[in-house]
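The values are calculated or read from the model by the stated rules, or taken from the named source; none is laboratory data. All values reported here derive from a predicted model rather than from experimental measurement. Counting neighbours? That spans all protein chains shown, and the Cβs are built from the backbone with ideal geometry, glycine included.
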Amino acid sequence: MNITEKKEKMSKLKELRDIIETSDVLHHKEVLRILKTNDCSISSNRNGSFINLTNVSDDVIGKINTYFDHVKTQESELKEKYDAQENEKQLII
């Protein structure tokens, strides 16, 4: 792997880290489930669980990214349905 590829991979891992850190506790639990299912090393203490993403396989990183893509799609669809309902309410009134 050349330097450019390493920088790109690190950039993607940082982006994933930011997504995980800002997500809801429910999503944290799902990420932990994915990691545990795939026998990834997790350090835990009273401050939380910690994972070195550079030690996680590309396959597992892909599963986590797929999970967050699914969450993003669901949230978008729910927002569209909610907005449509609100528009219908306004038309009725």
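Right, residue 66: surrounded by 10 or more Cβ atoms within 10 Å (Cβ to Cβ), modelled with pLDDT of 95 or more, of a type in the set (S, T, N, Q) and in contact with a helix residue (DSSP H, G or I) (Cβ under 9 Å, 6 or more places away or on another chain) or not? It is false that residue 66 is surrounded by 10 or more Cβ atoms within 10 Å (Cβ to Cβ), modelled with pLDDT of 95 or more, of a type in the set (S, T, N, Q) and in contact with a helix residue (DSSP H, G or I) (Cβ under 9 Å, 6 or more places away or on another chain). Quick check: is even one residue across the stretch 76-91 acidic (Asp, Glu), under 24 Å from residue 32 (Cβ atoms) and part of a helix (DSSP H, G or I)? Taking every residue of the stretch 76-91 in turn, none turns out to be acidic (Asp, Glu), under 24 Å from residue 32 (Cβ atoms) and part of a helix (DSSP H, G or I).
Just checking, which of 17, 33 is among the basic types (Lys, Arg), in a helix (DSSP H, G or I) and either in contact (Cβ under 8 Å) with a residue 12 or more places away in the chain or surrounded by 13 or more Cβ atoms within 10 Å (Cβ to Cβ) (or both)? Within the list 17, 33, the selection yields 17. The residues listed here are 39, 83; of these, the one that is under 27 Å from residue 5 (Cα atoms) and among the acidic types (Asp, Glu) is 39.
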